Amino acid sequence: MLLQFSNVSFVYPPDRVILNDINFEINEGEFLVLTGKSGVGKSTLLKLIYFREAPTEGSIQFAEYNSNSFRKSALPYLRRKIGIVFQSFELLKDRNVQDNIAFIPEVTGKPSQEIKQKVNSVLKLVGLTHRRLSMPDELSGGEQQRVAIARAIINDPKLIIADEPTGNLDPETSAEILDLFSKINSLGTAVIFATHNYELFKTYKGRVLKLTEKGITETDKVS
Ligand SMILES: Nc1ncnc2c1ncn2[C@@H]1O[C@H](COP(=O)(O)OP(=O)(O)O)[C@@H](O)[C@H]1O
Ligand SMILES: [Mg+2]
């Protein structure tokens, strides 16, 4: 088991209840879609996974970390095991593609030769080797999201969290980005993909968690 939510509730103070008694788990290497209408709490649930917020009740176990015994000093280590991709890409505008991807490993003090090799290999995986010297502004939305995905996988995380990663993209580009996540998943990384884009998952056959005000249910259809 990679991630387990046990009776998790979450309240934004003082009394805005977002999640109520949520239970689910993700195994190593699984692909999971998280759906639910806008405002229901998908992004909040994801924030709990990367320990950006702590549950009000219940507990979250991710790899060796438990929310009930978690120390803030462990946060950088936990974050290395999780790659996060957002709707808005969130690239550093003043750096080119390869420097965006190298940024986190550089900050954490990895040897530069190792970083170089790793950057080259993730650039190849996301299909952007030819764009490595471009600035973010020179890229299409799909390309920018590929850079963000490359950045998210550079530490070989156990889990990729994608929060509406196709929210700013046209249908064709969205399908390509989904294919890229599938490819990364097939190489062994678990993925949780939050979306309200049902169309994109028309032919998807994996696990789907649907979040509503009443709680979370598992189905085999994105709707
Ligand atoms: N910091 C906050 N304080 C209070 N309420 C918040 C905060 N962040 C989000 N919310 C509310 O929590 C609800 C769930 O938000 P969110 O998790 O972003 O939903 P989703 O990702 O499903 O659209 C929304 O009603 C939102 O307004
Ligand atoms: Mg959201």
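The values are calculated or read from the model by the stated rules, or taken from the named source; none is laboratory data. Being a predicted model, the structure only gives us computed values, none of them experimental. Cβ sites come from the backbone with ideal geometry, for glycine too, and all protein chains shown count toward neighbours. Surface accessibility is based on the protein's heavy atoms, side chains included, excluding ligands, DNA and RNA. Shrake-Rupley method; radii C 1.70, N 1.55, O 1.52, S 1.80 Å.
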Pair list, Cβ under 6 Å, 6 or more apart: segment 110-128 residue more than 22 Å from LEU178 (Cα to Cα), other residue assigned to a helix (DSSP H, G or I): ILE115/ALA102; ILE115/PRO105
Failed condition for LYS93, given (1) over 13 Å from ALA152 (Cβ atoms); (2) surrounded by 14 or more Cβ atoms within 10 Å (Cβ to Cβ): (2)
Segment 188-223, residues that are free of Cβ contacts under 8 Å to residues at least 12 places away in the same chain and either within 16 Å of the chain's Cα centre (by Cα) or part of a strand (DSSP E or B) (or both): THR217, THR219
Criterion: open to solvent by less than 60 Å² (accessible area, probe 1.4 Å) and among the charged types (D, E, K, R) - qualifying residue of ASP179, ASP220, ASP163: ASP163
Subset of segment 20-46 (residues that are within 16 Å of ligand 1 (Cβ to nearest atom) and either surrounded by fewer than 13 Cβ atoms within 10 Å (Cβ to Cβ) or free of Cβ contacts under 8 Å to residues at least 40 places away in the same chain (or both)): LYS37, SER38, GLY39, THR44
Filtered residues of segment 103-122 (kept if modelled with pLDDT of 95 or more, under 19 Å from ILE184 (Cβ atoms) and surrounded by fewer than 21 Cβ atoms within 10 Å (Cβ to Cβ)): GLN117, LYS118, ASN120, SER121
Considering residues of segment 182-202 that are small (Gly, Ala, Ser) and under 23 Å from VAL119 (Cα atoms) only, the residue least open to solvent (accessible area, probe 1.4 Å): ALA190
Residue within segment 138-159 that is over 28 Å from THR35 (Cβ atoms) and surrounded by fewer than 18 Cβ atoms within 10 Å (Cβ to Cβ) present: yes
Residue list for segment 76-93, restricted to those being farther than 17 Å from ILE177 by Cα and in contact (Cβ under 8 Å) with a residue 24 or more places away in the chain: PRO76, LEU78, ARG79, ARG80, LYS81, ILE82, LEU92, LYS93
Within segment 1-104, strands (runs of 3 or more DSSP E) holding 1 or more residues that are touching a Gly at 6+ places or on another chain (Cβ under 6 Å): 3-12, 16-26, 31-35
